[in-house]
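The values are calculated or read from the model by the stated rules, or taken from the named source; none is laboratory data. From a predicted model like this one, the values you see are computed outputs, not experimental measurements. Note that each Cβ is placed from the backbone with ideal geometry, even for glycine, and that neighbours are counted across all protein chains shown. These area figures cover heavy atoms from the full protein model, side chains too; ligands, DNA and RNA do not enter into them. Shrake-Rupley method; radii C 1.70, N 1.55, O 1.52, S 1.80 Å.
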Amino acid sequence: MRIVVFGAGGRAGRRIVTEAGARGHEVTGVSRRPGDWTVGDVTDPVSVASLVAGQDAVVMAAGRHEPGFFARAARSLADGMAGAGVTRLVAVGIGTTLETPEGVPLYETPGFPEDARAFTLGHVEELGVLRGSGLDWVVLAPPPVFLNEEPATGRHRIGGRAAPADETFGYADLAAAVVDEAERPTRHRELVAVTAR
């Protein structure tokens with residue numbers, strides 16, 4: 001497959017590029033900073049269209065602590081991918097958008113930390129844009145914990161919108177789940193949890 005990864009310079013993105021390459025895929029890693037990656041801007045639909053043309057799947061692993069970033073990126077991906085005729089998008093989400101067993105989003109629960117609210121709501125805005133797009137998208141959200149740098153366990157699974165109870169989870173397992181969904185799509189137009197159990 002040919003896969004383009006936006007946010008290739010980040011902690012999740014680097015792992016996804018490595019995982020996809022190890023499986024024999026042709027990977028284009030994209031970053032807004034010059035260096036080891038192809039330079040591109042995920043918030044610019046013209047840049048997106050030129051980078052995704054001829055690709056089989058697109059991965060969104062970029063993240064910025066800027067107001068409106070995730071919604072802008074989602075709109076740019078929707079427009080740029082549509083223009084290039086590419087439909088499959090696998091995005092890395094955040095665990096705080098998942099739900100309690102009662103179906104309440106974590107960010108709406110009492111005591112939710114205020115310092116995490118803006119970043120979380122950015123991801124919520126991203127979901128709203130994706131739901132209104134024509135893309136075949138999935139957002140994979142890991143448990144709401146700090147992800148570790150340990151090797152992949154090979155035991156990850158995806159499914160449901162309830163926040164997993166995992167106390168530990170790693171970037172390598174997240175990367176494996178992302179590449180799995182790029183290779184063999186099983187979830188479509190939904191937010192789902194990724195768990196180690």
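On the protein heavy atoms, probe 1.4 angstrom, tell me the percent of accessible surface of the range 102-159 carried by carbon and sulfur. Within the range 102-159, the accessible surface is 57 percent carbon and sulfur. Along the range 127-140 the Karplus relation, 6.51 cos²θ - 1.76 cosθ + 1.60 evaluated at θ = phi - 60°, assigns HN-Hα couplings of 4, x, 5, 4, 4, x, 8, x, 6, 8, 10, 9, 10, 9 Hz to successive residues, with x for each Gly and Pro. In this entry, the range 3-130 is assigned a mean projected area of 8.5 nm², taken as a quarter of its C-alpha convex hull surface. For residue 158, the solvent-accessible surface computed with a 1.4 Å probe is close to 40 Å², ligands and nucleic acids excluded.
Under the 0.36 nm per residue contour assumption, what length would be gained going from the current alpha-carbon distance of residue 100 and residue 167 to full extension?
This chain segment gains 22.6 nm when fully extended.
In this structure the chain gives 46 Å² per residue of accessible area when probed at 1.4 Å with all protein chains present.
If you wrap a convex hull around the C-alpha atoms of the range 42-197 and split its volume per residue, what is the figure in Å³?
110 Å³
Compute a Gaussian network model of the chain, connecting alpha carbons closer than 10 Å, and tell me which residue from 170, 13, 85 fluctuates the most. Largest GNM mean-square fluctuation: 85.
From helices alone, the chain scores -10500 deg cm²/dmol at 222 nm; the rule is -39500 (n - 2.57) for each run of n ≥ 4 DSSP H residues, then divide by the residue total.
Think of the range 28-147 as a dipole: +1 on every Lys or Arg Cβ, -1 on every Asp or Glu Cβ, centred on the Cα centre; then among 43, 68, 54, 54 lies furthest on the positive end. Here the range 51-159 is treated with +1 on each Lys and Arg Cβ and -1 on each Asp and Glu Cβ, and its dipole about the Cα centre works out to around 280 debye. The mean sequence distance of close C-alpha pairs (under 8 Å, at least 6 residues apart), as a share of the length of the range 35-86, puts its relative contact order at 51 percent. Comparing 75, 33, 184 in a Gaussian network model of the chain, where Cα atoms under 10 Å apart are tied by springs, the biggest mean-square fluctuation is seen for 184.
A simple spin-label model places the labels of residue 22 and residue 66 3.2 nm from each other, with each point 7 Å out along Cα-to-Cβ. Projecting label points 7 angstrom from Cα along Cα→Cβ for residue 187 and residue 11 puts them 2.0 nm apart.
Rounded to the nearest 0.05, the FRET efficiency derived from the C-beta distance between residue 114 and residue 146 at R0 = 25 Å is 0.90.
Report the residue, chosen from 65, 156, 123, that carries the largest GNM mean-square fluctuation when the chain is represented by alpha-carbon nodes joined by springs under 10 Å. The residue that fluctuates most here is 65.
Here the chain is treated with +1 on each Lys and Arg Cβ and -1 on each Asp and Glu Cβ, and its dipole about the Cα centre works out to around 340 debye. Per residue, the average separation of C-alpha pairs within less than 8 Å and at least 6 apart gives the chain a relative contact order of 22 percent. The mean sequence separation of alpha-carbon pairs under 8 Å and at least six residues apart, normalised by the residue count of the range 92-197, gives a relative contact order of 35 percent. If you take the beta carbon distance between residue 153 and residue 1 as r and set R0 to 25 Å, what does 1/(1 + (r/R0)^6) give as a FRET efficiency, to the nearest 0.05? For residue 153 and residue 1, the calculated efficiency is 0.60.
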